[in-house]
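Q: Below are the structure tokens for one structure; questions will follow.
The values are calculated or read from the model by the stated rules, or taken from the named source; none is laboratory data. All values reported here derive from a predicted model rather than from experimental measurement. Glycine also receives a Cβ, built like all others from the backbone with ideal geometry; neighbour counts cover every protein chain displayed.
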Amino acid sequence: QQPVQSPQAVILREGEDAVINCSSSKALYSVHWYRQKHGEAPVFLMILLKGGEQKGHEKISASFNEKKQQSSLYLTASQLSYSGTYFCGTEIASGSRLTFGEGTQLTVNP
Amino acid sequence: DGGITQSPKYLFRKEGQNVTLSCEQNLNHDAMYWYRQDPGQGLRLIYYSQIVNDFQKGDIAEGYSVSREKKESFPLTVTSAQKNPTAFYLCASSNAHLGPQHFGDGTRLSIL
């Protein structure tokens, strides 16, 4: 079953923060996060494993709440380059296929 | 440099015609995937393969076929049975057990 992402779209000014959520009705093994710029291929950001710790680098980080089967992507002090559509992909068992959410369109304005 | 190469970048299909989209990777990945993306939509899985000579249907396999004769290659054929083929097609690969998926640059398919 497809994970649900929220919000569907968000508009920020440069320097503002944003949180994107990804929820599943099924128990998850892992959550992947990708960013896709218009007309381009998705690019991998990070993977969160069941039982793992919050991950991140620089100003983009994510967490995985196993009780809620929800992952959140945190973007702090946003930059213009953060604009794009963010997708979460969920995996219910190790080595199984990913199921992607509908995406969250993030726009960062000067 | 290692990566995934999709060709062609743009493809046009006539009514009743089968067309094949190419996907080649030199990342030595075991698993390969085909996704369809419609405007403003997420990625929907068409087919995937975790090992040579084996593949599984995804969520929208009807009207499509694949083969996996070599580890490096996973071509997708859009058959005439697929009545609405206009979309952006993405190929991806990953290590078989947990790993990020690496995507090609995609093929845009349209109907003439």
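Q: Residue check: is A:A93 among the small types (G, A, S), surrounded by 15 or more Cβ atoms within 10 Å (Cβ to Cβ), in a loop (DSSP other than H, G, I, E, B) and within 13 Å of another protein chain (Cβ to nearest Cβ)?
A: So A:A93 does not fit the description; no.
Q: Out of the stretch A:66-91, which residues are basic (K, R) and touching a residue at least 40 places away in the same chain (Cβ under 8 Å)?
A: Residue satisfying the conditions is A:K68 alone.
Q: Looking at the stretch A:40-51, is at least one residue more than 14 Å from chain B (Cβ to nearest Cβ), at positive phi and at pLDDT below 95?
A: no
Q: Quick one: would you say B:K14 is more than 24 Å from A:G103 (Cα to Cα), over 10 Å from the mean Cα position of the chain (by Cα), modelled with pLDDT under 95 and basic (K, R)?
A: The answer is yes for B:K14.
Q: Right, something else. Is at least one residue of the stretch A:92-108 without any contact (Cβ under 8 Å) to a residue 60 or more places away in the chain and out of contact with any strand residue (DSSP E or B) (no Cβ under 8 Å at 6 or more places or on another chain)?
A: Within the stretch A:92-108, none of the residues are without any contact (Cβ under 8 Å) to a residue 60 or more places away in the chain and out of contact with any strand residue (DSSP E or B) (no Cβ under 8 Å at 6 or more places or on another chain).
Q: Among the strands (runs of 3 or more DSSP E) confined wholly to the stretch B:54-112, which include 1 or more residues that are farther than 18 Å from B:N26 by Cα and within 12 Å of chain A (Cβ to nearest Cβ)?
A: By residue number, B:54-57, B:87-94, B:107-111.
Q: Now a separate question. Condition (residue is within 9 Å of another protein chain (Cβ to nearest Cβ), crowded, with 18+ Cβ neighbours inside 10 Å, closer than 22 Å to A:P3 by Cα and in contact (Cβ under 8 Å) with a residue 60 or more places away in the chain) applied to the stretch B:44-53: is it met by at least one residue?
A: Checking the stretch B:44-53: not a single residue is within 9 Å of another protein chain (Cβ to nearest Cβ), crowded, with 18+ Cβ neighbours inside 10 Å, closer than 22 Å to A:P3 by Cα and in contact (Cβ under 8 Å) with a residue 60 or more places away in the chain.
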